[in-house]
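Chemist: Structure below; questions to follow.
Bear in mind these aren't lab numbers, they're just calculated from the coordinates by the rules spelled out. Values in this document were obtained by computation on a predicted structure and should not be read as measured data. We place every Cβ from the backbone using ideal geometry, glycine too, and count neighbours over all the protein chains shown.
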Amino acid sequence: MSAEPDDLDMRAAEYVLGLLSPAETDAVRRELGRNPALTQAIAEWEARLMPLAAAVPSETPPGLIWQRLEAELGVRDSAQASIAPLRPRPMLRRVGFWQGTTAAAAALAACLALLWLRTPAVHYAAVIAPTQGPAAAWLAETRPDGALVVTVLGQTARPAGKDLELWALAAGATRPVSLGVLPASGGLVVAANLPRDRLQLMVSLEPAGGSPSGQPTGPVLYAGTLTRTE
Amino acid sequence: MGQAGRIVVPPLQAPGISAFCRATLDFSASRAIYVVKTSGRPPGAPEHQEAALNETPMPVAWEALLSRCAGGDKAAFRQLYDLSAPRLYAVALRITRQPGLAADAVHDAFLQVWQHADRFDADRGSAETWLISLARYRALDLIRRQGREIAGVEMPERADEEPDQLERLMRQREGAALGRCLDRLEADKRQLVMLAFTDGLTHAELSTRLKTPLGTVKSWIRRGLQDLRRCLEA
């Protein structure tokens, strides 16, 4: 075998193992589309090496992964989505609608009125809005089965390497309970058995993956209170 | 008609999820009929869980579920998630060492699975290879972008775990040949290849970790990989 195909084969193997630097990795990916031999070599090395994954014992994944997938796929696939009936209608999803709303109170009133009109099954809802600023960020609603569904309404910027974590503080309680890290897009379904009335919802800025301590460590950027809507 | 197999899969994560595993999977399209049934074993018995996972003929089950995902079958997607997420999460956690990043990698992988299940090509490799590759590449990308400097999950020392890893590998039907061939490699080469795979270290990181010159690391790995390929093709 000549040196050249051997080198291609080794580069493929090194790519599959993850040995290459980010620049070298990018170079391989750029070449993938126009070099079938490289694509083939990578597929062969993947087949050879991926069984090595069995060398690492299985780990129970956090439930949040599925909750995020469920919320996101639910938003995408209206036919079977469990939260489809509750998602904002196109008018609400237009950013302009929310940018045009200058007061959080107005947003809250409009939102609760809409909810009351179109989803009689919803018992409690909250608009989670910036602690400083008018625009609504998320809509939190309880589902008939008791789950709390959080849907993105507006734009929520988060610095790179940081996450926004949702917390619930029951009336009279002193320590908030984490409801999970909010995904950048789509929603979050929290199957939590929480006291709903006057439940305060807060969103704090946390390190990637959420607060390491189980309590908020960063500033609370958004807040809202669950209110009975009927 | 094929034979019927009875596979006992214990709950993989939260007890609520076991309901999905309890469903009877009847793959009439495939030759064999698999009955997947949960045992009453509580979660948190890792050895048993692992052993049961290893007995599962995953390539068939995963591929059947994947083709149903391509048709928009959400129940199949959930079953595929329950079966494969513990493996994908373990791989991603080992590479990223941060539960948040590992969760992102697994989430992103499954999003791709759902959106592009129709792109899976069984001629190019097994469903297992495809799924693990998706999560692994994503974990590698995330860790390269964010850096590994944040203290994360403590991992056991290398010397203690390599025999366990090889043994685990060889117990798996699809990993047996690879395990045998790794076992035949010289110790230095085997250590480098396995560490590169499980921890997702670059040439430069391996060189630092093992206090070995970069050029030596590169050439040992290349020779190890060539020996491995020859052994697997023999």
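Chemist: Peptides A:14-27, B:91-104: what's the order by average Cβ count within 10 Å, highest mean first? Walk me through the numbers before you get to the answer.
Modeler: Values: A:14-27: 18.3, B:91-104: 25.1.
Ranking the peptides A:14-27, B:91-104 by packing returns B:91-104, A:14-27.
Chemist: For the range B:170-234, compute Rh as the Kirkwood radius over C-alpha pairs and then the Stokes-Einstein diffusion coefficient at 25 °C and 0.890 mPa s; write the answer in µm²/s, rounded to an integer.
Modeler: Reported coefficient: 202 µm²/s.
Chemist: Can you bin the range B:63-203 into rounded, prolate or oblate? Criterion: square roots of the alpha carbon gyration tensor eigenvalues sorted a ≥ b ≥ c, rounded for a/c under 1.5, prolate for a/b above b/c, oblate for the rest.
Modeler: Details: a/c = 2.21, a/b = 1.36, b/c = 1.63.
Oblate, because a/c is 1.5 or more while a/b does not exceed b/c.
Chemist: Label points 7 Å out from Cα along the Cβ direction at B:A176 and A:T174: separation in nm?
Modeler: So the two model labels end up 6.1 nm from each other.
Chemist: Fewest first, what order do A:T131, B:T202 take by the number of other Cβ atoms within 10 Å?
Modeler: A:T131, B:T202
Chemist: Return the average number of partner chain Cβ atoms within 10 angstrom of each residue Cβ along peptide A:39-50.
Modeler: 6
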